[in-house]
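The values are calculated or read from the model by the stated rules, or taken from the named source; none is laboratory data. Being a predicted model, the structure only gives us computed values, none of them experimental. What goes into the accessible areas is simple: the full protein's heavy atoms, side chains included, and nothing from ligands, DNA or RNA. Shrake-Rupley method; radii C 1.70, N 1.55, O 1.52, S 1.80 Å.
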Amino acid sequence: MDNIKLLEPTMEYEKDILQFRQEILLSNDKDKFAGCGNLKQCLFAKEWIDTINLYKTTQTCPKDRVPSNIYLAIRERDHKIVGIIDLRYHINHPILGTWGGHMGYYVRPTERNKGYAKEMVRQNLQNCKNLNIRKVLITCDIDNIASKKTILANGGVFEKNIEVDGCIIQRYWISID
């Protein structure tokens, strides 16, 4: 796996953000746009960046959401977006506290099975630590073996299965020292 770094989205990545979005739209993934905020609805990178910047503080975050950051996972070798991951500052929310968790992530279909998700979560756990979040909830569909492996590789401890709209969701907790 090539080295990656998590960066906040900027217009420097405008073209790749839109290509990333298109790749998700063309995929057959069940969990399209996990961790990507409202990227699905935005036709322009600036619109998406402006919107997710509002999520960063309690004062500007929409009332139906919780404050969060969204990061691009940038491959250092060629500055390509390989994934997107978010970090929700808390999960005091009916959906997030049940099955959404502290973070969601999406790896570009053409960049899968290279270890990027594992590294994205590892780096985001450091962001959690910096925000003094010491216990992190991460969930995945029971059928998402790759995500389960990613969570376990980062110290996830299985709590339980829950049913959400006919799907079985697995809940994992990661403790941060």
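Compactness check for region 44-114: Cα Rg over 2.2 N^0.38 Å is 1.24. Note: the chain, Cα convex hull, 117 Å³ per residue. Close Lys pairs in region 87-177, defined as Cα atoms under 18 Å apart and 8 or more places apart or on different chains, number 10.
Here the accessible area is traced with a 1.4 Å probe on the protein chains. For the chain, carbon and sulfur cover 51 percent of it. Note: relative contact order over the chain, using C-alpha pairs below 8 Å and six or more positions apart, is 20 percent. Rounded to the nearest Hz, the phi-derived 3J(HN,Hα) couplings of region 98-110 under the Karplus curve 6.51 cos²θ - 1.76 cosθ + 1.60 (θ = phi - 60°) are 9, 9, x, x, 7, 8, x, 8, 9, 9, 3, x, 6, where x marks glycine and proline.
In this structure, the amide hydrogen of Ile4, modeled 1.01 Å from its nitrogen in the peptide plane, lies closer than 5 angstrom to those of Glu76, counting only residues at least 5 positions away or on a different chain. For region 80-93, the Karplus equation 6.51 cos²θ - 1.76 cosθ + 1.60, evaluated at θ = phi - 60°, returns couplings of 8, 6, 9, x, 9, 9, 10, 9, 8, 5, 7, 10, 6, 7 Hz by residue, with Gly and Pro reported as x. For Lys46, the lysines whose Cα falls under 23 Å of its own Cα, not counting residues fewer than eight places away in the same chain, are Lys5, Lys15, Lys32, Lys56, Lys63, Lys80.
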